[in-house]
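The values are calculated or read from the model by the stated rules, or taken from the named source; none is laboratory data. None of the values given here were measured: they were computed from a predicted structure. Glycine gets a Cβ as well: all are built from the backbone with ideal geometry, and neighbour counts include every protein chain shown.
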């Protein structure tokens, strides 16, 4: 067998091993998973939906601003769709790709946290890559620190977003990106900021740059295995 063939075989084996480990990590959580909170009817703002829940203890609003059309729909009734969302990161409102409330059926989504990246572009600007990780029970792909300012600056005026998922459990760099039309983004951002003042959002719990063993251990701890 040639060196190239050996490399391909090793890559395929690695992908299969990662898939098996991700499924195992989620399997331990299936029985103990808490129910998803009841959804709050969202407010429609152009192509965006804003839903907020008030915390009676802290008086802080927990809001989600997401595009009405998914990047990728859930494969089953209990699965998790990939959505374009906006969230406060370090005082900036930045775009992210998120799959919330992962379950056993969403193990493939979890695998993206080990190997995946979301590519996002607001034409005609150049694209940037958003590494994926786990925050709580959510898969979150967010801009790198060096791209956060540009992402926040380009978002309000963008008329279109192109999104492509790359990695094991996703597509490839050669597949066509999903195109999302953006309308009234500035209004949606202003409405979100009115509900979620700058400085009121705690820092994200995810840690970037974890090694594969550390990420697998994080899976096991998060899902009670």
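One table, with the values for the structure above:
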{"read-out": "Test result for residue 46, more than 17 Å from the chain's Cα centre (by Cα) and modelled with pLDDT of 95 or more", "value": "yes"}
{"read-out": "Residue satisfying all of: in segment 201-225; surrounded by 14 or more Cβ atoms within 10 Å (Cβ to Cβ), part of a loop (DSSP other than H, G, I, E, B) and in contact with a strand residue (DSSP E or B) (Cβ under 8 Å, 6 or more places away or on another chain); modelled with the highest pLDDT among these", "value": "201"}
{"read-out": "Selection from segment 82-106 of residues that are surrounded by fewer than 23 Cβ atoms within 10 Å (Cβ to Cβ) and modelled with pLDDT under 85", "value": "101, 103, 104, 105"}
{"read-out": "Selected residue (criterion: farthest from the chain's Cα centre (by Cα)) from residues of segment 159-176 that are modelled with pLDDT of 95 or more and surrounded by fewer than 17 Cβ atoms within 10 Å (Cβ to Cβ)", "value": "159"}
{"read-out": "Candidates 131, 143, filtered to the one that is modelled with pLDDT of 95 or more and under 13 Å from the mean Cα position of the chain (by Cα)", "value": "143"}
